[in-house]
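Participant: Here it is, the structure, as structure tokens.
Read-outs throughout are calculated quantities, based only on the coordinates presented, and are distinct from any laboratory measurement. Model, not experiment: these values are computed from the prediction. Here Cβ is always computed from backbone atoms with ideal geometry, including for glycine, and neighbour counts include all displayed protein chains.
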Amino acid sequence: MLLSAFAAPGRFWRGNLHTHSTLSDGRLPPAEVCAAYRRAGYDFMQLSEHFLGRFDWPIADTRAFRSADFTTLIGAELHAPTTQVGELWHIVAAGLPLDFAPAREGEDAAALAWRAREAGAFVGVAHPAWSQLAIEDGRALDAAHAVEIYNHGCAIENDRGDGFYLLDQLLNEGRRLSAFATDDAHFTHGEQDAFGGWVHVKASALEPDLIVEALKRGDYYSSQGPTIESVALDGHMLTVACSPVNAISVMGGTSRSVTRVGHAIGGGAFDLRKLTQSWLPVQRASAWLRVAVIDAGGRRAWTNPFWPDEMG
């Protein structure tokens, strides 16, 4: 039984969901940003401008930059008060209508996120470590489809690009969430903050609506460079195929993992029973798992979480 991203019809399309232009606080105008991603080999991208009154509530209309081999999603980075540390929420919404209404007076993050979801958007919790989000914040944003588990711009800026700590805790509490990587590029220092994290979305065609629906289903994986070709479960054996990497790890909601390390390995089979075998046994097995692969340069690719007991 293949994970859904690898079983779904179509092919993988490479894209970025979180980028900025001069419509908010980015350095380059929208046309130049879109052109940069197309030159870099992306199939799609989204200008996720800061949806605030100071920028005149921008929903970037990038339809003019679409072509037969490159498309754009319509969305924004939404904001509302306040997180546990007293800052504005940052919420990535992909697939918004161009006339999405500005945040209402007194509208909190939970309500704003639900309004975006009900408008058809894929909703993601942006850069948890950069925002210093607490578990209470994650619980509050119950409209989210996903957590941004890697943000390259934040990693470059202050080494706070990670979001797995929040995702994994929420998964352990029973939430069903996927995991997306972005670069959050502002092009402030050339391309230093660009092209460092992205998603590979499985869809039957390069159409914005199909990409957004695939994101909602979790039919994608995230990467900084390596590719994941397939992940399949047969009983207690999980088989992974990927580009040459130096490590493959299967992990869940405890400290246990099953890992293979070696020079330029391209996959392998993993006995999931070993996730509960240790000199310090765990009290129960994790209900969910995910896979990470790491290449010789330290670049990673990550599957979305999956639930083995529900895979037939």
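Participant: In whole Hz, what ³J(HN,Hα) sequence does the range 173-187 give by Karplus (6.51, -1.76, 1.60; θ = phi - 60°), x for Gly and Pro?
Facilitator: 8, x, 6, 9, 9, 9, 9, 10, 10, 9, 10, 6, 5, 10, 6
Participant: Can I ask one more? Counting other C-beta atoms within 10 Å, which of Tyr221, Tyr42, Tyr165, Tyr37 has the fewest, and how do the rest follow?
Facilitator: The order, fewest Cβ neighbours first, is Tyr165, Tyr42, Tyr37, Tyr221.
Participant: Based on Cα positions only, what radius of gyration and what Dmax would you give for the chain, in angstroms?
Facilitator: Gyration radius and largest Cα-Cα distance of the chain: 19.0, 60 Å.
Participant: Of the DSSP beta bridges with both residues in the chain, give the percent that are antiparallel, rounding to the nearest 5.
Facilitator: Values: 49 of 66 bridges.
Antiparallel: roughly 75 percent of the beta bridges in the chain.
Participant: Give the distance, in whole Å, between the Cα centre of the range 228-244 and the Cα centre of the range 171-226.
Facilitator: With the range 228-244 and the range 171-226 each reduced to a Cα centre, they are spaced 20 Å.
Participant: Follow-up. Between helix 208-217 and the chain, what is the angle of the helix's C-alpha long axis to the longest principal axis, kept within 0 to 90° and rounded to the nearest 10?
Facilitator: That works out to roughly 40 degrees.
Participant: Taking the Cα centre of the chain as origin, work out the dipole magnitude from +1 charges on Lys and Arg Cβ and -1 charges on Asp and Glu Cβ, in debye rounded to 20.
Facilitator: Details: 26 positive and 37 negative charges, 200 e Å.
Dipole of the chain, to the nearest 20 debye: 960 debye.
Participant: Same structure, new question: Taking the number of other C-beta atoms within 10 Å as the exposure measure, put Met237, Met45 in order starting with the fewest.
Facilitator: Working: Met237 12, Met45 28.
Lowest to highest Cβ neighbour count: Met237, Met45.
Participant: If you don't mind, there's one more thing I want to ask. What is the spread of the Cα atoms of the range 9-102 along each of their three principal axes, largest first, in whole Å?
Facilitator: Rounded to whole Å, the extents work out to 42, 31, 24 Å.
Participant: Along the Cα→Cβ direction, 7 angstrom out, place labels at Asp61 and Asp159. What is the inter-label distance in nm?
Facilitator: Going from the Asp61 label point to the Asp159 one covers 4.5 nm.
Participant: Between 0 and 90 degrees, rounded to the nearest ten: what's the tilt of helix 30-39 against the longest Cα principal axis of the chain?
Facilitator: Once rounded, one gets 30 degrees.
Participant: While we're here: With N set to the residue count of the range 19-68, report its C-alpha Rg divided by 2.2 N^0.38 Å to two decimal places.
Facilitator: 1.13
Participant: If you don't mind, another one. Could you check the simple spin-label distance between Trp114 and Ala101, using points 7 Å along Cα→Cβ, in nm with one decimal?
Facilitator: 1.5 nm
Participant: Still on this structure: With the contact rule set at Cα under 8 Å and sequence spacing of 6 or more, what percent relative contact order holds for the chain?
Facilitator: Worked out over the chain, it gives 16 percent.
Participant: What FRET efficiency, computed as 1/(1 + (r/R0)^6) with R0 = 22 Å and r the Cβ-Cβ distance, is obtained for Ile265 and Ala7, rounded to the nearest 0.05?
Facilitator: 0.40
Participant: Helix 109-118 sits at what angle to the longest principal axis of the chain, using alpha carbons and giving 0 to 90 degrees rounded to 10?
Facilitator: The two axes meet at around 90 degrees.
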